[in-house]
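**Q** Below you'll find the structure I mean.
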Amino acid sequence: MTSTETIRAIQENIARVIKGKPHVIEMCLVALLARGHLLLEDVPGVGKTTLAHSLARSLDCSFKRIQFTSDLLPSDIVGVSIFNRQKQAFEFIPGPIFANIVLADEINRTTPKTQSSLLEAMSEAQISFDNKTYPLNPPFMVIATQNPAEYHGTFPLPESQLDRFLMRLRIGYPAPEEEKKVLERASSLHPAEELLPLLTAPEVVQLQDQVDKIFMEESLTEYLLSIVQSTRQSDLLSLGVSTRGALALSRAAKALALVRGRTYCLPDDIKELAPIVLSHRIMVARQTGLHQRSFEQAERIIRDLVDTIPVPV
């Protein structure tokens with residue numbers, strides 16, 4: 001199969017479980033192929049965890065789920081050092097972060113100290129422990145979930161942590177006809193358990209390498225940078241998009257082109273991705289009277305800023 005056919009097969013495989021959300025599934029694959037991490041923020045019960053399971057089941061890769069709680073420690077994620085009596089030395093026991101796909105469920109329910117244990121892994125795909133560096137096997141992707149409707153007992157993610165996520169997605173409620181299909185499905189097994197893997201880890205890495213070969217014209221690069229610059233100059237924002245955010249938008253646009261069967265980027269790729277790639281990287285100014293972490297308002301501001309930038313011909 002060609003790369004386009006392979007990607008379409010994975011989309012159809014996940015769609016067997018996640019009903020009526022083709023755009024969300026497409027964006028998940030964009031994040032994976034762009035070597036990025038994904039933040040799923042939505043109310044409970046709409047399928048955030050199921051989506052992560054379905055993506056992992058569609059790939060013949062290792063998968064670990066970490067349930068984040070207030071008493072979780074960094075060692076519960078990274079691993080621990082245990083004394084081996086036979087070797088008379090300490091031995092490192094890897095934690096669940098040493099997997100290809102890691103689901104960080106309700107990531108904002110653990111302390112900042114534990115949250116920070118993910119930073120090196122998400123940025124550099126490696127873990128430092130006891131003066132040693134342990135690389136993480138590619139592909140490596142963190143899929144985190146959080147509930148925006150209830151903040152009791154939570155620790156909001158700092159900007160440095162949010163900036164590590166390639167994009168933030170909301171799934172939303174399904175349409176009535178799709179929700180009916182979910183209700184009619186057998187409940188004896190987890191819905192993702194019926195999915196078969198379609199890609200091995202090396203094949204995923206090959207697709208990720210193809211993203212690097214997607215062509216982006218210089219005028220599109222300037223268009224992307226103009227959008228980023230507009231967030232830094234806007235009076236509505238107290239924090240603009242970082243250079244990491246600009247790189248993320250560029251990688252995501254190339255990945256979207258590959259997912260849609262093209263070898264080149266279009267202005268519409270950047271325009272479509274800007275709100276979900278950039279909105280969690282900015283802070284709304286206090287004088288606007290809006291909450292700093294109002295992602296809906298942030299997305300609206302990004303869309304308005306994008307509309308003011310001339311689209312290259």
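The values are calculated or read from the model by the stated rules, or taken from the named source; none is laboratory data. None of these values were measured; they are calculated from a predicted model. Reconstructed Cβ throughout: ideal geometry from the backbone, glycine too, with neighbour counts over all protein chains shown. Remember, those area values only see protein heavy atoms, side chains included, never the ligands or the DNA or RNA. Shrake-Rupley method; radii C 1.70, N 1.55, O 1.52, S 1.80 Å.
**Q** Hey, any idea what the orientation-averaged projected area of the convex hull of segment 161-239's Cα atoms comes to, in nm²?
**A** Hull-based average projected area comes out at 10.3 nm².
**Q** Okay, next question. Using only the alpha-carbon atoms, what does segment 224-269 span along each of its principal axes? Please give whole angstrom values in decreasing order.
**A** Result for segment 224-269: principal-axis Cα extents of 38, 18, 12 Å.
**Q** Related question: What are the lysines whose alpha-carbon lies under 25 Å from the alpha-carbon of Lys64, with same-chain residues fewer than 8 places away excluded?
**A** Candidates past the 8-residue exclusion: Lys19, Lys21, Lys48, Lys113, Lys132.
**Q** As a test of reading the structure, rank Ser58, Ser219, Ser128 by solvent-accessible area (1.4 Å probe, protein chains only), most first.
**A** Ser128, Ser219, Ser58
**Q** Based on Cα coordinates alone, diagonalise the gyration tensor for segment 1-90, multiply each eigenvalue by 5, take square roots, and list the semi-axes in whole Å, largest first.
**A** Over the Cα atoms of segment 1-90, the semi-axes work out to 34, 19, 11 Å.
**Q** With θ set to phi - 60°, apply the Karplus curve 6.51 cos²θ - 1.76 cosθ + 1.60 along segment 132-146 and write out the HN-Hα couplings as whole Hz, x wherever there is a Gly or Pro.
**A** 10, 10, 10, x, 9, 5, x, x, 10, 9, 9, 10, 10, 10, 7
**Q** For Lys113, Lys132, write out the residues from largest to smallest accessible area, computed with a 1.4 angstrom probe and no ligands counted.
**A** From most accessible down to least: Lys113, Lys132.
**Q** Ok, one more. Just to verify a number: what accessible area does Phe140 come out at with the full protein assembly present, 1.4 Å probe, Å² rounded to tens?
**A** Roughly 20 Å² of Phe140 is accessible to a 1.4 Å probe.
**Q** If you don't mind, there's one more thing I want to ask. Could you tell me the accessible area of Cys61 in Å² (1.4 Å probe, neighbours in place), rounded to the nearest ten?
**A** 30
**Q** Can you list residues from other chains, or at least 5 along the same chain, whose modelled amide H is less than 5 Å from the amide H of Leu237?
**A** Ala285
**Q** What is the distance in Å between the Cα centres of segment 218-278 and segment 99-119?
**A** If you average the Cα positions of each part, the centres end up 26 Å apart.
**Q** Ranked by accessible surface with a 1.4 Å probe, highest first, in what order do Thr200, Thr145 come?
**A** Largest accessible area first, the residues go Thr200, Thr145.
**Q** State the antiparallel share, in %, of DSSP beta bridges confined to segment 97-222, rounding to the nearest 5.
**A** Working: 4 of 8 bridges.
If we restrict to bridges inside segment 97-222, about 50 percent are antiparallel.
**Q** Percent antiparallel among DSSP beta bridges with both residues in the chain, to the nearest 5?
**A** Antiparallel bridges make up about 40 percent of those DSSP assigns within the chain.
**Q** Please name whichever of Pro176, Leu73, Val46 sits farthest to the positive end of the charge dipole of the chain, dipole taken about the Cα centre and charges placed at Cβ: Lys and Arg +1, Asp and Glu -1.
**A** Working it through, the farthest residue towards the positive pole turns out to be Leu73.
**Q** How large, in Å, is segment 57-122 by the Kirkwood hydrodynamic radius built from its alpha-carbon pairs? Don't jump to the answer; show the numbers that get you there.
**A** On the way: mean 1/r = 0.0766 Å⁻¹.
This gives a value of 13.1 Å.
**Q** Shifting gears a bit: Using the alpha carbons of segment 1-157, what is the convex hull volume per residue in cubic angstrom, as a whole number?
**A** Hull volume over Cα atoms, normalised by residue count, gives 131 Å³.
**Q** Excluding ligands and nucleic acids, what accessible area in Å² is computed for Arg232 using a 1.4 Å probe, to the nearest 10?
**A** About 110 Å², rounded to the nearest 10.
**Q** Could you work out which residue, out of Ile171, Ile97, Ile143, moves most in a Gaussian network model of the chain, that is, has the largest mean-square fluctuation with Cα springs under 10 Å?
**A** Between Ile171, Ile97, Ile143, it is Ile171 that shows the largest mean-square fluctuation.
**Q** Suppose we keep just the alpha-carbon trace of segment 64-164; what are its Rg and Dmax in angstrom?
**A** Cα-based Rg and Dmax for segment 64-164 come out at 14.5, 51 Å.
**Q** Treating segment 101-229 as a set of equal point scatterers at the Cα positions, no solvent, please give the Debye-formula log₁₀ I(q)/I(0) at q = 0.10, 0.17 Å⁻¹.
**A** Rounded to two decimals, the profile gives -0.56, -1.26.
**Q** With all pairs of different alpha carbon atoms counted, what Kirkwood hydrodynamic radius in Å does segment 178-313 show?
**A** 17.2
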